[in-house]
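Bear in mind these aren't lab numbers, they're just calculated from the coordinates by the rules spelled out. Bear in mind the structure is a predicted one, so any value in this text is a computation, not a measurement. With ideal geometry, Cβ positions are generated from the backbone for all residues, glycine too; neighbour counts draw on all protein chains shown.
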Amino acid sequence: GSIMRMGDGEAAENIQVVSTGSLGLDIALGVGGLPRGRVVEIYGPESSGKTTLTLQVIAELQKIGGTAAFIDAEHALDVQYASKLGVNVPELLISQPDTGEQALEITDALVRS
């Protein structure tokens, strides 16, 4: 790890992104979507659209040939809903861990692969 000031160096340019599926959100994020090759946490209260946003991003990623993983800690993924949002479910890596620790281990393994 490293420590730096945000004013040090130059701003990152040419960041590869994946669209969120929402032009307004892509613009608000400042780079045109979510950065590729990075772990992104989508956080919010219950029923605020976290899963819908995640599935939309997965669909957009798959459209451009990417591979996505969905860690379903709540064991509640509705694959029919995902499909309706454009997710190619047979190509989606899905994990349903039993504990938070398992979820972190799976995430670590995926990031390292």
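Worth a mention:
- Residues in the stretch 78-95 that are touching a residue at least 24 places away in the same chain (Cβ under 8 Å) and acidic (Asp, Glu): Glu91 only.
- Matching helices (runs of 4 or more DSSP H) fully within the stretch 18-100 where at least 2 residues are exposed (fewer than 13 other Cβ atoms within 10 Å of the Cβ): 23-28, 79-84
- Members of the stretch 60-95 that are in contact with a Gly (Cβ under 9 Å, 6 or more places away or on another chain) and more than 22 Å from Pro35 (Cα to Cα): Ala73
- Some residue of the stretch 103-113 being in contact with a helix residue (DSSP H, G or I) (Cβ under 7 Å, 6 or more places away or on another chain) and free of Cβ contacts under 8 Å to residues at least 40 places away in the same chain: no
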